[in-house]
Amino acid sequence: MNDPKGPKSNSLLIVLSGPSGVGKDAVLNHMKANHMNYHFTVTVTTRKKRPNEVDGVDYIFIEKSKFESLRKNDDLLESAEVYGNFYGIPKSQVLNALNTGKNVIMKLDVQGAKTIKALAPNALFIFLAAPSIESLRNRLEKRMTESPDALETRLKTAQSENTESKWFDHIIINEDEQIDKTVGELEIIIAESRKSPRAPIFN
């Protein structure tokens, strides 16, 4: 990663990952309300906007041709195809925030987290897990955005992703109806990580 300025020494890159439906958005929404010195990356995606989602806030919704252009021009820090849709993190978002001394939180699926691990091995990787597959099923069913077949695909993928959690720095169990506890655990991990000297974020 070629960054001529280099991120500020007190900046931290945090990668939050976990299965679809585990509660990553809910956790980050709680954090957004209380932390001004964080930059929460907004992912670009080719998937259709869901009800109540806000373009530019929840995701940046673009056409596939625009996504391909961003990827061709190396404007994405990482990109992946998930359930037939494309997702990516704009490189400028991350570097600009780090260079102004902000902590950056990226929400990624496990595939995307692996990509960032190769680029930024000294970032902080946190895996958010559901207490059980049944709990995850209930959350996805309440969301009511997937067909029965799509739901089963997501659950099967979640089981595979759970086996990948071993290489993350930390695992947090997001218990049902315990969002404040989950956010508290995440904040403690971040605070402790900031106390310890870290090597440069990017290779």
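Ordering 188, 14 by how much accessible area each has at a 1.4 Å probe, largest first, what is the list?
Listed by decreasing accessible area, they come as 188, 14.
Positive end of the charge dipole of the stretch 1-159 (Lys, Arg +1 and Asp, Glu -1 on Cβ, about the Cα centre): tell me which of 98, 131, 116 has its Cα farthest that way.
98
Mind grabbing the accessible area of residue 50 for me, 1.4 Å probe, Å², rounded to tens?
The accessible area of residue 50 comes to roughly 60 Å².
Using Cα pairs under 8 angstrom and six or more residues apart, how large is the relative contact order of the stretch 5-146, in percent?
41
Take 47, 143 and sort them by solvent-accessible surface of the protein heavy atoms, 1.4 Å probe, largest at the top.
Largest accessible area first, the list is 143, 47.
Among 37, 52, 174, which one moves the most in a GNM of the chain with springs linking Cα atoms closer than 10 Å?
52
For a 28 Å ceiling on Cα separation, which of these pairs sit above it: 66/156; 72/195; 64/156; 64/117; 72/142?
66/156; 72/195; 72/142
Go through the stretch 66-78 residue by residue and turn each phi into a ³J(HN,Hα) via Karplus (6.51, -1.76, 1.60, θ = phi - 60°); whole Hz please, and just put x for glycine and proline.
Result, rounded to whole Hz: 5, 4, 4, 5, 4, 5, 4, 8, 6, 8, 10, 5, 8.
How fast does the stretch 1-156 diffuse by Stokes-Einstein, in µm²/s, taking the Kirkwood radius from C-alpha pairs at 25 °C and 0.890 mPa s?
Rounded, D is 148 µm²/s.
If one puts a single equal scatterer on every Cα of the stretch 52-104 and applies the Debye formula without solvent, what log₁₀ I(q)/I(0) results at q = 0.17 Å⁻¹?
-0.61
Just to check, using Stokes-Einstein with a Kirkwood Rh over alpha carbon pairs, what's the diffusion coefficient of the stretch 76-144 at 20 °C and 1.002 mPa s in µm²/s?
It diffuses with D of about 152 µm²/s by this estimate.
Heavy atoms of the protein only, probe of 1.4 Å, neighbouring chains included. What is the accessible area of residue 25 in Å², nearest 10?
Looks like 80 Å² after rounding.
Output the peptides 101-108, 79-86 sorted from most to least packed, where packing is the average of other Cβ atoms within 10 Å over each peptide's residues.
Working: 101-108: 21.2, 79-86: 14.6.
Packing order, densest peptide first, comes out as 101-108, 79-86.
The values are calculated or read from the model by the stated rules, or taken from the named source; none is laboratory data. Every value quoted in this text rests on a predicted model; they were computed, and no experiment measured them. Every residue, glycine as well, gets a Cβ built from its backbone with ideal geometry; the counts of neighbours run over all protein chains shown. For the accessible areas, the whole protein counts, side chains as well, though only heavy atoms, and no ligand, DNA or RNA atoms are used. Shrake-Rupley method; radii C 1.70, N 1.55, O 1.52, S 1.80 Å.
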